[in-house]
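Heads up: the structure comes next, in structure tokens.
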Amino acid sequence: MKAMLIAPYSGMAEVMKQLALPSDVTLDIRVANLDEGEEFARQAELEDYDVLISRGGTALTIEKAASLPVIHIDITGYDMLRVFTLIKNMNKKVALVGFSSITQGAATLCNILEYDVEVKTVHTREEVKPLLEELKAQGFQAVIGDVITVQTAESTGIHGVLITSGKEALLQAVEEARRAFSLSKKVKHNFSLLHETFLHFPHPMAIVDEELSIREKNEKFDQMAQQDSITFSSIKRAIKDSIGSQTAKWIPFTANDRSYMLQIFCVNRYMAGLMFYPTSGLEKRSDVSIHFDVKPMALIGDSLYTHSLRNQLKKLSSQHKPVHIIGAPGTGRSAAASFLHIERFKEAPFLSLDGAQMDQSSLETLTKILLPIQKGTLLVHRLQAADPELIKQVNGLIERLPADIQILFIDEAPYLESGEAEALHLLPLVERRADIPAFAHYFLTSFHMENGSETLGIKSKAMDLLQQYTWPGNLNELKQTIRALSRQASGFYIEPEDVKKLLEAKQSLASSVPLTLSGTLKEIEKRVIDQVLNEENGNQSKAAKRLGINRSTLWRKLNDE
């Protein structure tokens, strides 16, 4: 250990020179007080000293000027007894002036030994001179204190008696310095390991302040910055929110043509950490997707079933078992999944896997994305449609995920391998007819906001007809029907005649003669397209997807005479 003693008076330096120090201690001694002590402290930093040792006001001053550990030499009971013995036969009015580190023990000792010494405490060195002048006016002729007090007393015309530090206090300070050095060595070692880990972290990482200035960055971030032009202006609000709320946030981030999953986390009240995980190519996949800002989906309806469903979802969101959301397409399975995600997480990612389209590459992509995520939701669609070997791998992956990754399944039929999962059964729309008005008005309001639809309501008899229909396509079919009715409406309200005509057309198509294979290939193709369009309620995008063609090809075939 290489230490420097900054002694506020020469006598301390002489005592220290006479002491036998441990063999692992190299001690250099400088005699200086206050401002001179600051200069020596700065010099010690430049010359690779490990620790500084000083006393009283000098120690407090250099502690503010240097980043090295500063060991304070305590005023011991022996030191106080020595100075009190020295003034014992002094026939003068005596006061002791100093900082609380001196006066607290001195006052106790004076009371025990019944010494007639006035004890005064100061908090800054600027207080010393006015206090001494006041003591002089009160007839005090001698003052006990540290170097600052004694020097000021002499200039004021009062006899100053210095409290000196004996060898016991100096040896105690050296031992304290050794302990501080040992601790500092461990801290530096740990810091070095953490800094090396930060520098060589396998993903880009940076620490920025609220003004988006980079305070620290690792090697991968430098490589990313060389490839792409990195700007943080688009995520400034997210950074400030993370610092302000002291919570982590996940958001998408794009640099040139490269996409990343970005985690923003609070470092302190002024800075945030950024960790970038590449996701380029994910936007082109239909089997694996990730969403960072999932909007809460309202659970529409006032029926007893809807109230019960809300209660079920709240209970399920508070436990950690996988949840199988079971129901036919269009029964609100995705809305239930979103509700569970929002109830449990607010800023975490929402991942989705389609078992029907999944392959080995899907699992590799999913695993890579899940690796850095500590909490979030994984929603698995149609797992039963996947290859048995892939199902086995998915289940193995799920078993390895942390408890804060919520696992949800969307199934049309029960798929529960063990009792370690919960099931949420969703009723078809025909079994919750009481909620149809609420859904119909909700959809109508959405179309009004999205498309500027001028249709403002549904006549009561028209609503009766909607509630009497069986809705084989559930909520999806109801939504498409309300969309069609709002477009066809000639006034501000959907009339019963419009509903009756549209529903009769639906029933007629549903009971029509099954598709035949007679005629030319072009005629058969036309019948197939018409039937798929009918089943998709006229939605050309969905029909094109089912037929395996793009929408422009479908449009051309529909318009080809």
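Some points to look at:
- Share of Cα-Cα pairs in region 82-153 lying beyond 15 Å, as whole percent: 49 percent
- The chain shape via C-alpha gyration tensor axes, a/c threshold 1.5: prolate
- Acute angle (nearest 10 degrees) that the helix 147-156 long axis makes with the longest principal axis of the chain, alpha-carbon atoms: 50 degrees
- For SER289 and THR470, the FRET efficiency from 1/(1 + (r/R0)^6), where r spans their Cβ atoms and R0 equals 35 Å, is about 0.60.
- Likely footprinting exposure, GLU211, GLU38, GLU154, fewest C-beta neighbours within 10 Å first: GLU211, GLU154, GLU38
- Extension gain (nm, one decimal) between LYS557 and LYS346, 0.36 nm per residue minus Cα-Cα: 71.4 nm
- Pairs over the 32 Å Cα-Cα cut-off, from the set LYS315/LYS392; LYS321/LYS545; LYS368/LYS557; LYS188/LYS346: LYS321/LYS545; LYS368/LYS557; LYS188/LYS346.
- Rounded to 10°, Cα long-axis angle of helix 236-245 versus longest principal axis of the chain: 60 degrees
- Packing, as the average of other Cβ atoms within 10 Å across residues, places the peptides 88-94, 217-223 in the order 217-223, 88-94, highest first.
- Extension gain, SER100 to THR367, is 90.0 nm, computed as 0.36 nm per intervening residue step minus the present C-alpha separation.
- If R0 is taken as 35 Å, the Cβ-Cβ distance between LEU397 and PHE265 corresponds to a FRET efficiency of 0.90.
- Cβ-based net charge around HIS200, under 10 Å, with every Lys or Arg adding one and every Asp or Glu removing one: -1
- Remark: relative contact order (the chain) = 8 percent; criterion is Cα-Cα distance under 8 angstrom and separation of 6 or more residues.
- Footprinting exposure proxy for PHE140, PHE232 (fewest neighbouring C-beta atoms within 10 Å first): PHE232, PHE140
- The C-alpha atoms of the chain define a longest principal axis, and helix 128-137 lies at about 40 degrees to it.
- Anisotropy class of region 288-427 from Cα gyration tensor, a/c 1.5 cut: prolate
- Computed over region 205-280: relative contact order in percent, which uses C-alpha pairs under 8 Å that are six or more apart: 31 percent
- Exposure proxy ranking, count of Cβ atoms within 10 Å, fewest first, for VAL288, VAL25: VAL25, VAL288
- Extension gain, GLU14 back to GLU454 (0.36 nm per residue minus Cα-Cα distance, nm): 148.7 nm
- Candidate lysines - alpha carbon under 20 Å from LYS120, same-chain residues fewer than 8 apart omitted: LYS88, LYS92, LYS93, LYS129, LYS136
- Cβ-derived FRET efficiency at R0 56 Å, ARG487 paired with ALA356, nearest 0.05: 0.95
- For the cross-link pairs LYS375/LYS479; LYS64/LYS167; LYS461/LYS506; LYS314/LYS459, the ones whose C-alpha atoms lie over 29 Å apart are LYS375/LYS479; LYS314/LYS459.
- Compactness ratio for region 157-262: Cα radius of gyration over 2.2 N^0.38 Å (N = residue count) comes to 1.88.
FYI, it's all coordinate maths here, none of it is from the lab. Owing to the predicted nature of the structure, the values given are computational and were not obtained by experimental measurement. Note that each Cβ is placed from the backbone with ideal geometry, even for glycine, and that neighbours are counted across all protein chains shown.
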